[in-house]
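Peer 1: One structure follows; several queries about it will come next.
The values are calculated or read from the model by the stated rules, or taken from the named source; none is laboratory data. Every value quoted in this text rests on a predicted model; they were computed, and no experiment measured them. Heads up, the Cβs are rebuilt from the backbone with ideal geometry, glycines too, and the neighbour counts pull from every protein chain shown.
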Amino acid sequence: MRTSKTILTLVFLYFAVYSHAQVMSLDSVLSTIKANNPGLKMFDADIRSMDEAAKGARSWMPPEAGAGFFMTPYNTKMWKGDGMGQPGMGQFMFSFQQMFPNKSRQDADSKYMQAMSSVAKEQKNFSLNEMYAQAKQNYFEWIMDKRKLLILEQDKKLLDFMIQSAELRYKNGMEKISAYYKAKAALGNVQNMQIMLESEIKQRRIALNALMYRDKQQPLEIGSDYVIKDYSNLSLDSSTFTNSRSDIKAVEKNIQLTNLQANAERTKLKPEFGIKYDHAIAFGSLPAQFSLMGMVKIPFAPWSSKMYKANIESYKWKAESLNQQRSMMINEAQGMTASMLADFEAKKKQVQLFESNIIPALKKNYQTMQLGYEQNTEELFMLFDAWEALNMTQLEYLDQLRQLLLMQSELEKLLEIK
């Protein structure tokens, strides 16, 4: 009895602490994860970093400037000349040089850099989908744990009734002691399960608070509603996955990015032009002089184009590898989803059978035994067996329902359905 009082005290304290806890629906939990989780904010920062870097894609090469002596003798006496017809020697030169970027190369670099963040965006969506799946799993398991606690609380009342009735009847010589001890042991098992379920609920609360980036011990309660969805008409062609799966979209974006890299590499084979201007101030009586030269880079020369051509070929095979990876991922996702869908439909039928047939029949059997026991036409062990069959089946039903909801969340994870 002391253990029973301890359990009741713990239950009372639990409800006292969490009676004012925030009650959150599944949609609220998912929205909070999306808004607050630091892992997603990390992706946002990476995306912003790439977008900011892309703004510099059309930059020019920096200009080059210089100043210094040009063709100047070491003997400083010769700088000004000798005044007898020999002009001064040496010059002080200012130099300026600028290369002009190839417009097609700028366009290619710009498209590539602007596309870089597209992969990170899909990776963020993939990470978010994983978090959603974890949240749904903990949310649904928490609901099932709460429903089990309600059944166990009812079981305690029924077992207390059996124990008290058996004690009274045993004193009057109307009952066997063996059934009494079975009921006492069952009560202890119920209390043990309550402790275990309370611990599991605490773990679910910590997990959901962590996903929502809240204080891990912050009070939280969840709703009790859930929906079993109909996916029987779900299409499993490749377009279903390419349109929904972020990891597959990320591979597609990587393919596009690789093609843009190859295109940018091709533009490096095109020439680039520049200009160089020099202005020289002569010493002595020599006039000021200048030079103006056009320049061109010739990367398509055989000895300078090997690296660019090798990189282009490398990108071609990288794109092919990514294409094969994409096909493999779609094939794997189709197989997993088809298998999961078959299990999901079978599990749904099992749960419906529990709800429509098995549990109602066992409830009627227990009610009949209870009525007979109260009228002294049935013995305690028969009532206990009827309760035990009903209790085990109800708990098994919740385990089956838990598996069904987890399968549903796994299907939604595979298809990225919120």
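Peer 1: Exactly one of (1) in contact with a Ser or Thr (Cβ under 7 Å, 6 or more places away or on another chain); (2) part of a loop (DSSP other than H, G, I, E, B) is unmet by ASN376. Its number?
Peer 2: All conditions are met except number (1).
Peer 1: Filter region 119-165 down to residues that are within 30 Å of TYR373 (Cβ to Cβ) and touching a Phe, Trp or Tyr at 6+ places or on another chain (Cβ under 9 Å) and give me whichever is modelled with the lowest pLDDT.
Peer 2: In this case the residue turns out to be SER165.
Peer 1: What pairs can you find where one residue is in region 381-394 and farther than 19 Å from GLN350 by Cβ, the other is surrounded by fewer than 16 Cβ atoms within 10 Å (Cβ to Cβ), and their Cβ atoms are less than 6 Å apart, with a gap of 6+ or different chains?
Peer 2: Qualifying pairs under 6 Å: ALA386/ASN365.
Peer 1: Let me ask something else about it. If we keep just the residues of region 295-334 that are assigned to a helix (DSSP H, G or I) and β-branched (Val, Ile, Thr), which is farthest from GLU64 (Cα to Cα)? Even if it seems obvious, please write down each step before you answer.
Peer 2: The first filter runs over region 295-334 and keeps only residues assigned to a helix (DSSP H, G or I), leaving 306-334.
In the following step, the residues that additionally are β-branched (Val, Ile, Thr) were identified as 312, 330.
Working: ILE312: 31, ILE330: 52 Å.
Among those residues, the one meeting the criterion is ILE330.
Peer 1: Here is a further query. Scanning for something small (Gly, Ala, Ser) and under 26 Å from GLU388 (Cα atoms), does region 125-136 turn up at least one residue? Explain how you work it out, then say what you get.
Peer 2: Pass one, region 125-136, residues small (Gly, Ala, Ser): 127, 133, 135.
Subset that is under 26 Å from GLU388 (Cα atoms): none.
No: zero hits.
Peer 1: On to the next question. Could you pull out the residue among GLU320, GLU355 that is surrounded by fewer than 18 Cβ atoms within 10 Å (Cβ to Cβ) and within 25 Å of VAL227 (Cα to Cα)?
Peer 2: On the way: GLU320 fails: within 25 Å of VAL227 (Cα to Cα).
Every option except GLU355 fails the conditions.
Peer 1: State whether the residues of region 161-181 include one that is in a helix (DSSP H, G or I), under 46 Å from the mean Cα position of the chain (by Cα) and in contact (Cβ under 8 Å) with a residue 24 or more places away in the chain.
Peer 2: No, every residue in region 161-181 fails to be in a helix (DSSP H, G or I), under 46 Å from the mean Cα position of the chain (by Cα) and in contact (Cβ under 8 Å) with a residue 24 or more places away in the chain.
Peer 1: Taking VAL190 as the residue in question, decide whether it is closer than 18 Å to LEU383 by Cβ and either in the same structural domain as MET329 (by TED's automatic domain parsing) or assigned to a helix (DSSP H, G or I) (or both). Talk me through it step by step, then tell me what you get.
Peer 2: Working: closer than 18 Å to LEU383 by Cβ: yes; either in the same structural domain as MET329 (by TED's automatic domain parsing) or assigned to a helix (DSSP H, G or I) (or both): yes.
Yes; evaluated as a whole, the condition is true for this residue.
Peer 1: Does region 180-187 contain at least one residue that is closer than 25 Å to GLN400 by Cα and crowded, with 18+ Cβ neighbours inside 10 Å? I'd like the intermediate steps shown before the answer.
Peer 2: Keep residues of region 180-187 that are closer than 25 Å to GLN400 by Cα, which gives 186-187.
Filter again for crowded, with 18+ Cβ neighbours inside 10 Å, leaving 186-187.
Yes, the conditions are met somewhere in region 180-187.
Peer 1: Out of all the residues in region 310-323, is one or more at pLDDT below 85 and either assigned by TED's automatic domain parsing to the domain that holds ALA264 or out of contact with any Cys (no Cβ under 7 Å at 6 or more places or on another chain) (or both)? If you could, list the steps in order and put the result at the bottom.
Peer 2: Within region 310-323, the first condition is being at pLDDT below 85, and the residues that meet it are none.
For region 310-323, residues at pLDDT below 85 and either assigned by TED's automatic domain parsing to the domain that holds ALA264 or out of contact with any Cys (no Cβ under 7 Å at 6 or more places or on another chain) (or both): absent.
Peer 1: Next question. Please work out which one of (1) modelled with pLDDT of 90 or more; (2) crowded, with 18+ Cβ neighbours inside 10 Å is the condition ALA282 fails and give its number.
Peer 2: With respect to (1) modelled with pLDDT of 90 or more; (2) crowded, with 18+ Cβ neighbours inside 10 Å, ALA282 is out only on (1).
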